[in-house]
Amino acid sequence: QFEQSTLLNTLPKQFFAALTKKAAQYVNAGHDVINLGQGNPDQPTPQHIVDSLKDASDRTDFHRYPPFQGQPFLKEAAAQFYKREYNVDLDPETEIAILFGGKAGLVELPMCLLNEGDYMLVPDPGYPDYWSGAALAGARMDYMPLTAENRFLPDYEAIDAERLDRAKLMLLNYPNNPTGAQADAAFFDGTVELAKKHNICVVHDFAYGGVGFDGQKPPSFLQAEGAKETGVEVYTLSKTYNMAGWRVGFAAGNKSVISAINLLQDHMYVSLFSAIQQAAADALTGPQDCVRELSAMYERRRNIFIDACRKIGWNVTAPAGSFFAWLPVPKPYTSAQFADILLEQAHVVAAPGIGFGAYGEGYVRVGLLTDEKRLAEAVERIGKLGLFID
Ligand code: PLP
């Protein structure tokens with residue numbers, strides 16, 4: 001009976017809620033629905049990480065409050081991880097902040113850095129939680145279109161100096177959700193240059209840093225010279241180590257940004273359960289075969305899916321990383337109409353592109369989050385619809 005605050009009412013509406021509900025109705029009616037609409041990894045966490053949590057949860061000192069700002073051993077492990085994987089030096093104490101998953105950090109950062117009415121550059125299409133962060137900060141979003149013509153990278157030339165000067169924050173995400181695009185080192189170099197010139201803080205969401213294909217390891221933003229002066233990278237263990245349910249990640253980079261996140265978190269959470277921090281540290285510093293195997297598994301799924309699409313006459317661009325394929329929608333349908341057709345006639349769930357922003361219109365996002373056989377079957381069912389893309 002109590003009213004929500006005006007602040008909560010500014011949060012964007014969950015665009016996919018209606019489709020999820022409709023999909024559940026089809027499942028309840030006994031249809032064999034292949035759900036490729038969500039981004040929830042389908043594999044379990046590697047056993048050595050689960051075992052680490054089991055052992056760590058017996059430690060009674062871990063049953064007490066964790067230290068404010070997280071366990072030093074996890075920050076140390078994150079620094080070692082960046083050195084080993086990307087040859088980036090980070091000071092664990094001042095350049096790393098532990099997060100409750102990437103999502104918390106991405107929503108907190110605008111609150112930490114922006115005042116009401118400030119501008120934030122966000123990719124369109126993009127991960128909808130960027131909008132939530134802006135809403136809670138009272139910030140205004142300025143969209144950077146990601147188009148196929150520009151390989152789903154923002155075209156900095158198309159943003160005029162006035163818009164760049166007024167922007168305080170810029171969000172980027174590669175490998176990209178939802179388009180599956182990858183950025184290269186030169187793009188990040190250009191980003192640092194631009195950010196320095198216009199005094200913009202860059203937040204690079206590296207959620208799919210562990211999922212790159214065709215032998216191309218996704219580069220870290222922090223590898224670009226001067227990146228630490230211009231922003232932070234948000235890393236999550238959710239995807240790289242299949243730990244989505246554990247809610248653990250970290251932000252790395254610029255000291256002033258890290259100290260702002262720590263300040264906010266001191267007032268909200270203290271920190272995560274120490275046993276989870278221990279298991280996360282062991283994931284980052286332990287055997288890495290699981291990461292390579294996982295990436296290879298997504299690559300196999302991608303290949304099966306894209307080959308099957310081509311066989312039904314859909315000439316789809318193969319994603320270079322992440323675990324999403326970005327399929328153009330056949331004419332004359334909108335992405336929401338096509339998602340409805342897929343559900344109603346093929347019993348396949350895909351996320352309509354419009355849910356990721358105006359430039360997402362004309363596409364649906366398919367998550368490669370089921371086994372190869374089911375993915376091939378999904379495409380076969382789509383083929384039977386007799387619809388074609390240009
Ligand atoms: N960023 C992107 C682009 C994502 O797709 C996700 C999860 O789906 C996240 C961040 C957040 O991941 P988590 O909160 O599990 O770390």
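Okay, here's what the table says:
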read-out	value
Lone unmet requirement of (1) of a type in the set (S, T, N, Q); (2) outside any helix (DSSP H, G or I); (3) away from the ligand (no atom under 16 Å from the Cβ) for Asn242	(3)
Any chance Gly231 is touching a helix residue (DSSP H, G or I) at 6+ places or on another chain (Cβ under 9 Å), within 23 Å of Tyr82 (Cα to Cα) and assigned by TED's automatic domain parsing to the domain that holds Asp91	yes
Those helices (runs of 4 or more DSSP H) lying entirely in region 48-162 with at least 2 residues more than 16 Å from the ligand (Cβ to nearest atom) and free of Cβ contacts under 8 Å to residues at least 60 places away in the same chain	72-86, 92-95
Of all residues in region 13-47 being within 16 Å of the ligand (Cβ to nearest atom) and β-branched (Val, Ile, Thr), the one that is modelled with the lowest pLDDT	Thr20
Of all residues in region 204-234 being more than 12 Å from the ligand (Cβ to nearest atom) and aliphatic (A, V, I, L, M), the one that is farthest from Ser256 (Cα to Cα)	Ala224
Members of region 44-87 found to be closer than 24 Å to Pro219 by Cβ and surrounded by fewer than 12 Cβ atoms within 10 Å (Cβ to Cβ), listed by number	Asn87
Filter pass, Glu149 being buried (at least 23 other Cβ atoms within 10 Å of the Cβ) and acidic (Asp, Glu)	no
Qualifying residue in region 203-224 (condition: farther than 24 Å from Gly37 by Cβ, of a type outside the set (Phe, Trp, Tyr) and in a helix (DSSP H, G or I))	yes
Residue in region 2-19 that is surrounded by 10 or more Cβ atoms within 10 Å (Cβ to Cβ) and basic (Lys, Arg) present	no
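Residue-by-condition table, conditions (1) outside the structural domain of Ala251 (by TED's automatic domain parsing); (2) out of contact with any His (no Cβ under 6 Å at 6 or more places or on another chain); (3) among the aliphatic types (A, V, I, L, M):
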residue	(1), (2), (3)
Gly126	no, yes, no
Gly133	no, yes, no
Asn150	no, yes, no
Ala158	no, yes, yes
Ala161	no, yes, yes
Leu172	no, no, yes
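The values are calculated or read from the model by the stated rules, or taken from the named source; none is laboratory data. These figures come from a predicted structure and were not determined experimentally. Positions of Cβ are generated from backbone atoms using ideal geometry, with glycine treated the same way; all protein chains shown enter the neighbour counts.
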